[in-house]
Amino acid sequence: MPRQTKAQKAAEREVHMSRLRRAYNFVKTGTCPLCGTKLYRNSSMAGWWQCGHFGAEGFQKEPGTHCDFQIFYTPTADEHAAILAQEATK
């Protein structure tokens, strides 16, 4: 497999950071982008967030119409700092 160029690495890094920023924005608002219900941390795995309506009836954090939204937000400390720094410049 050929080695990646600096431009390819930079492009992959930007895609990764874009995904982290998107996840951060969902977690920061604390509401599901699909139905508006509160997001909850799933304690089974670090960084796993789910809509309050996620899961089968009787297992949801908030009873209601089922919603499939879940997201992972697991940045490194440096990545999180970069996201916060970018937020501060807006």
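Every read-out reported here was derived from the displayed coordinates using simple, explicitly stated rules and does not represent laboratory data. Just so we're clear, the structure is a prediction, and the values are computed from it rather than from any experiment. Methodologically, a virtual Cβ is constructed for each residue, glycine included, from the backbone with ideal geometry; neighbour enumeration extends over all protein chains shown.
Can you work out ³J(HN,Hα) from phi for every residue in the stretch 81-86, in order, using Karplus 6.51 cos²θ - 1.76 cosθ + 1.60 and θ = phi - 60°, giving whole Hz and x for Gly and Pro?
4, 5, 5, 5, 5, 5
Of the lysine pairs in the chain, how many meet both conditions: Cα atoms under 19 Å apart, and a spacing of 8 or more in sequence or different chains?
Pairs that pass both the separation and distance tests number 4.
Which ³J(HN,Hα) values in Hz, rounded to whole numbers, follow from the phi angles of the stretch 9-25 under the Karplus curve 6.51 cos²θ - 1.76 cosθ + 1.60, where θ = phi - 60° and Gly and Pro get x?
Those phi angles translate into 4, 5, 5, 5, 4, 5, 4, 4, 5, 4, 5, 5, 4, 4, 4, 4, 5 Hz.
Show me the three semi-axes of the equivalent ellipsoid for the stretch 35-83, from the C-alpha gyration tensor (sqrt of 5 times each eigenvalue), largest first, rounded to whole Å.
Value: 26, 11, 7 Å, ordered largest first.
Which whole-number percent is the relative contact order of the chain (Cα, under 8 Å, 6+ apart)?
21
Would you calculate a helix-derived [θ] at 222 nm for the chain, using -39,500 (n - 2.57) for each DSSP H run of n ≥ 4 and dividing by the full residue count, to the nearest 500?
-13500 deg cm²/dmol
Below 11 angstrom from the Cβ of residue 55, what's the summed charge of the other residues (Lys, Arg +1; Asp, Glu -1)?
Local net charge: -2.
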